[in-house]
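**Q** Below is one structure. I have some questions about it.
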Amino acid sequence: MHTLEQLRNGSLAGVTRLRLSCGLTEFPQEIFDLADSLEILDLTGNALSTLPDDLPRLGKLRVIFCSNNRFTVLPAVLGACERLSMIGFKSNRIAEVPATALPPALRWLILTDNCLGALPAAIGRCTQLQKLMLAGNDLRALPEELAACTSLELLRIAANRLTALPDWLLGMPRLTWLAYAGNPFSEVDEAAALSNADPDLIDWNRLEMGQRLGEGASGVIYQALLRQPTDAQAAAHPVAVKLFKGAITSDGLPRCELTACISAGSHPNLIPVLGEVTGHPQGVHGCVMDLIDPGFHNLAGPPSLASCTRDVYADGKRFSPAALLRLATGIASAARHLHARGILHGDLYAHNILHTGRGDALLGDFGAASPLVRGGMRGEALQRLEVRAFGVLLGELIERCDGDAGSGPVLEELALLRDRCLVEAPGARPLFGEVFGRLASLAC
């Protein structure tokens, strides 16, 4: 975090990234002194409602964040910034996106938690758009022109007022990660998914909360001890507790995530959910999960500003062919199980997978999960969308595999399977039943 004093006394000369959060009501003119170097401008957490008309003077600006401010209109001047590729205006009051506000190099647009009732048809001109985050608005339809954005890979449209999922959307060649729960058209399928589950209700008073283990977009995870309901003297059971934040997240609504977690049921490659938290003093929703062995670690980190839609792996991350095959088979099995339970994970990524390095793997984080339309062409189209996500994951694993002469044929078969999962004609991709079957046969 930087300060206005640093900006004004010249000590920030030459910086490429500037972050100011100090109650600003006007755009500081001193920012223009950084025009020769500034690439990333973060003004999140202020009280801004406008940007200056001469913003394009920041000729190297690639990324701008203005979340948690007071904008009611996405500033049209953004469209004049030729190098601007990422725009983040989450949690404002934006009700309008002028056609002129969309820059030609746009790859990543975040308008989560605003008041948008519609998107301009001009968004179809954003041919480089890969990531579009619109959860928590008032959208009733998506413009058909969006179909021209054939590079689009990640779309978040949960918690809006959409009455249907457009057919053209499911035919987009690279769409890979989709979240749409919490819309009127998905309510029936959400109820159907939940009807498959009968969660245990775990009273808050049975939990002895411990250290915080981590935090995601939708909630915070704590280590805890779960006491037995009938025997206070019995040894408490170590567990993990996720408490939801209760607001719109980048993926959607925490209640939809809770529904998906409970509906997922039991599978050896899913993090076991023991029950739903009840009786929290502040009415916070939560779930109780098995405490995962500390030998499990995240497979990768989430996408960066540079990678946009691709996870970031640690340098030197490598896998043996046997570990790769076991990991891939387990995740394919988990995805097949979820689809059979009427759930689209929506975020099948390496950063949502825990692994041991030997091929043991657990798929977690249901923040982007949506109820899967059962039966028919539409249901299969949604499943094949998620198969593409698996193809991306499989490709990343293959790139990091230390093969030997004996593993050559297996790696060749895995590469062929990857290519089938990634084909841009969605209908030509296999379903997870076939994917799992092929992986299982290779493992034998």
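**Q** I'd like the FRET efficiency for residue 16 and residue 320, computed as 1/(1 + (r/R0)^6) with the beta carbon distance as r and R0 of 35 Å, rounded to 0.05.
**A** 0.35
**Q** Separation between the residue 32 and residue 150 pseudo-spin-labels, each 7 Å from Cα along Cα→Cβ, expressed in nm?
**A** Distance between the two pseudo-spin positions: 4.2 nm.
**Q** Also, I was wondering about something else. In the chain, what is the volume of the convex hull around the alpha carbon atoms, normalised per residue and reported in Å³? Don't jump to the answer; show the numbers that get you there.
**A** On the way: hull volume 71.0 nm³, N = 444.
It is 160 Å³ per residue.
**Q** Long-range amide H contacts for residue 401: which residues qualify at under 5 Å (H placed 1.01 Å from N, peptide plane, sequence gap of 5 or more or a different chain)?
**A** Under 5 Å from the amide H of residue 401: 319.
**Q** What value, in deg cm²/dmol to 500, does the helix sum -39500 (n - 2.57) over DSSP H runs of n ≥ 4 give at 222 nm once divided by the residues of the chain?
**A** Numbers: 8 runs with 98 residues, N = 444.
Estimated from H runs of four or more residues: -7000 deg cm²/dmol.
**Q** Shifting gears a bit: Using every pair of alpha-carbon atoms in segment 194-290, split the distances into 5 Å bins beginning at 0 and state the percent of pairs per bin, rounded to integers.
**A** P(r) over segment 194-290, rounded to whole percents: 3, 13, 23, 25, 21, 10, 3, 1, 0.
**Q** How far is it, in nm, from the label point at residue 306 to the one at residue 128 when both lie 7 Å from their Cα along the line to the Cβ?
**A** In this crude spin-label approximation the distance works out to 1.6 nm.
**Q** Could you give me the ³J(HN,Hα) list for segment 334-348, computed from phi with Karplus coefficients 6.51, -1.76, 1.60 and θ = phi - 60°, whole Hz, x at Gly and Pro?
**A** 5, 5, 4, 4, 4, 4, 5, 8, x, 10, 9, 5, x, 9, 6
**Q** Measure off 7 Å from each Cα along the Cα-to-Cβ vector at residue 444 and residue 1, then give the distance between these two points in nanometres to one decimal.
**A** 5.9 nm
**Q** Report, to the nearest 10°, how far helix 432-443 tilts away from the longest principal axis of the Cα atoms in the chain, using its own Cα long axis and a range of 0 to 90°.
**A** The answer is roughly 60 degrees.
**Q** Could I ask something else about it? Between 361, 247, 306, where does the largest GNM mean-square fluctuation fall for the chain, given springs only between Cα atoms within less than 10 Å?
**A** 306
**Q** When the chain is modelled as a GNM with alpha-carbon springs shorter than 10 Å, which of 369, 389, 300 fluctuates the most?
**A** Largest GNM mean-square fluctuation: 300.
**Q** Would you work out the charge dipole size for segment 1-91 about its Cα centre, treating the Cβ of every Lys and Arg as +1 and the Cβ of every Asp and Glu as -1, and quote it to the nearest 20 debye?
**A** 300 debye
**Q** Give me the angle, in degrees from 0 to 90, between the Cα long axis of helix 376-399 and the longest principal axis of the Cα atoms of the chain, rounded to the nearest 10.
**A** For helix 376-399, the angle is close to 90 degrees.
**Q** Could you give the angle, 0 to 90 degrees to the nearest 10, between helix 254-263's Cα long axis and the longest principal axis of the Cα atoms of the chain?
**A** Between helix and principal axis, roughly 20 degrees.
**Q** Each residue of segment 267-281 in turn: what ³J(HN,Hα) in whole Hz from Karplus with 6.51, -1.76, 1.60 and θ = phi - 60°, glycine and Pro shown as x?
**A** Once rounded to whole Hz, the list reads 7, x, 10, 10, 5, x, 9, 8, x, 9, 6, 10, x, 5, x.
FYI, it's all coordinate maths here, none of it is from the lab. Computed from a prediction, not measured in an experiment: that's the story for all the values here. Don't worry about glycine lacking a Cβ; one is built from the backbone with ideal geometry, like all the others, and counts go over all protein chains shown.
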